[in-house]
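Trainee: Mind looking over this structure? Questions follow.
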Amino acid sequence: MPEEEEREALESLRVTAEKGDPEACFQLGLALSERGGQDNLTEAIDWYERAADGGVAEASFNLGLLYDDPTSPLASGADALKWFRAAAEAGIPAAQVNVGHAYSKGEGVTRDHAQAALWFRRAAEAGNMAAQYDLGVAYERGDGVPADVRIAAEWYARAASAGYAPAQNGLGLMYDEGRGVPLDPEEAARWFELAANQGYPEAQENLARMYSSGRGVPKDTEKAFQLLAESKPWERGIPWRRGRLAVASVIVLFIGVALAAAVFLW
């Protein structure tokens, strides 16, 4: 849209918003926030707040996102949580996930895994893939819910089937270990591959392990080396659960695959 037309559209929207129309307030806040710059963001917050007061739940969520942006001069963890909670209570699944994370990490609230699981469940039942994965992690660890690997695998499967890479990797690990599902290395490798194809590093590492040992897939040291190199384990830490290879194990695997490849080529 040409700049002049955009300005006229914005002013027309402003006129409607100033009459107290909540949806117009939301759309004006959205337009201003997309423009960027502190002045526009400050004004966007004002219009979002009016929209939120008028019952537009998406405005509460967008306020949470604005305050949650660490690069913004307006960043405020307390305000972000306040608005995420408002959006969560209004039924926005992504906001429910964010509130769940706040409780699981103790950010802005007292750490409470039971509350975290409650919010993850609300979002998971609404079909949010990240929440389904997080709820699976909660059941696997026993964080805020009774530990139950079968239920954990069920939640991983829901998110994995929808294409969520962390859950695909998590479900692969369950099949690889026979936890909550039958032991099935081939099925494990299938899920690892789906996540690895999305560039998920922990799945690339796990699939590399499978190719290195010939577990669930034909042994292929060249493929293992390629996957491990793509995962770049030296650039990041290894999470607690999603990649069972500890840093030392990754290094050992990398060296082992490299030596095997060198012997083969020689």
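Trainee: I'd like the distance between the alpha-carbon centres of the range 90-108 and the range 50-82, rounded to an integer number of Å.
Mentor: If we compute the Cα centre of each part, the gap is 13 Å.
Trainee: Roughly how tilted is helix 57-68, in degrees to the nearest 10 and between 0 and 90, from the longest Cα axis of the chain?
Mentor: 70
Trainee: Given an 8 Å cut-off on Cα distances and at least 6 residues of separation, report the relative contact order of the chain as a percent.
Mentor: This gives 7 percent for the chain.
Trainee: Related question: Can you give the helix-only mean residue ellipticity at 222 nm for the chain, where every DSSP H stretch with n ≥ 4 adds -39500 (n - 2.57) and the sum goes over all residues, rounded to the nearest 500 deg cm²/dmol?
Mentor: After summing the helix terms and dividing by residue count, I get -23000 deg cm²/dmol.
Trainee: Let me check against my output: what whole-number percent is the relative contact order of the range 53-176, with C-alpha pairs under 8 Å and at least 6 apart?
Mentor: Relative contact order, the range 53-176: 14 percent.
Trainee: Any lysines with Cα under 19 Å of the residue 105 Cα? List them, leaving off those in the same chain fewer than 8 positions away.
Mentor: Result set, ordered by chain and number: 82.
Trainee: I would also like to ask the following. Between the DSSP loop rule and a limit of at most 10 other Cβ atoms within 10 Å, which trypsin sites (Lys or Arg not before Pro) in the range 1-42 are left?
Mentor: 19
Trainee: On to the next question. For residue 223, what is the net charge nearby, where nearby means another residue's Cβ is under 14 Å from its Cβ and Lys, Arg count +1, Asp, Glu -1?
Mentor: -2
Trainee: Could you tell me what fraction of 2.2 N^0.38 Å the Cα radius of gyration of the range 1-84 comes to, as a two-decimal ratio?
Mentor: Normalised Cα radius of gyration, the range 1-84: 1.07.
Trainee: Taking N as the number of residues in the chain, what is its alpha-carbon radius of gyration divided by 2.2 N^0.38 Å?
Mentor: Ratio of Cα Rg to 2.2 N^0.38 Å: 1.26.
Read-outs throughout are calculated quantities, based only on the coordinates presented, and are distinct from any laboratory measurement. Keep in mind that this is a model prediction, so the values were computed, not measured. When we count neighbours, we look across all protein chains shown, and the Cβ atoms used for this are built from the backbone with ideal geometry, even at glycine.
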